[in-house]
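Some notes on the structure that comes next.
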Amino acid sequence: MSEERADSPKVRIPPPLVFAGALALGFALERVFPLRRRKARLAGAALIAAGAVLGGWARILFLKRGTTVLPFRPASALVEDGPFRISRNPIYVGFTAIYAGTSLLRRSTWPLLLLPGVVLVIDSMVIDREEAYLERRFGEDYLAYKAKVHRWL
């Protein structure tokens, strides 16, 4: 294992795959066991746009600070501004909004029913590891940030 990879949160599953996998499973279930919803296309499109803006903004800040968005690589900077003032995980909040919006846009209920499980997996298998790593990496600076800003919203 490279030294770079050793100093990381050691997240084993890429978070976008958790969201994409559950969304695909939900759409498959919708085909087999349809649970049609009323029209919600406008709300879905708005959630997708909001999620993309939030996640994109967070990603741009990571790039500007020279740190990575990949949770299996080491962080080189603690980002606390922009959307990170309201959430310690705006990228995951963005993924969640995009996921929910896609489900609404497609009028598919199953993915929405799976979403709490997705959030639980991200929370316990990704964010817990990332936060433990960031505490080790940035110490008191991260603990102070963590005390000010909520994990999700």
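The numbers here are math on the coordinates, done by the rules we state, and not lab data. Model, not experiment: these values are computed from the prediction. In this analysis, Cβ positions are derived from the backbone assuming ideal geometry, glycine residues included, and neighbour counts consider all displayed protein chains.
Some points to look at:
- 0 to 90° range, to nearest 10: angle between helix 90-105 axis and the chain longest Cα axis: 10
- In degrees, nearest ten, helix 128-148 long axis to first principal axis of the chain (Cα): 80
- Phi-based couplings in Hz for the stretch 42-52 (Karplus 6.51, -1.76, 1.60; Gly and Pro marked x): 5, 4, x, 5, 5, 5, 4, 4, 4, x, 5
- Between E131 and R85, the contour length at 0.36 nm per residue exceeds the Cα-Cα span by 15.0 nm.
- Since only A6, F72, A100 are under comparison, the one whose Cα sits farthest along the positive direction of the charge dipole of the chain, derived from C-beta charges on Lys, Arg, Asp and Glu, is A100.
- Charge sum, other residues only, whose C-beta stays under 13 Å from V149's C-beta, Lys/Arg counted +1 and Asp/Glu -1: +1
- Each Lys and Arg Cβ is given +1 and each Asp and Glu Cβ -1; about its Cα centre, the stretch 38-148 then shows a dipole of about 580 debye.
- For the pair L120 and A28, the difference between a 0.36 nm per residue extended length and the Cα-Cα distance amounts to 31.0 nm.
- Of V126, A45, F84, farthest towards positive along the dipole that unit charges on Lys, Arg, Asp, Glu beta carbons give the stretch 38-148: A45
- Only helices enter the 222 nm calculation for the chain: every DSSP H run of n ≥ 4 contributes -39,500 (n - 2.57), and dividing by all residues gives -21000 deg cm²/dmol, rounded to 500.
- Cα shape, the chain, gyration tensor, a/c 1.5 rule: prolate
- K10-L63 FRET efficiency (beta carbon distance; Förster radius 35 Å; 0.05 resolution): 0.95
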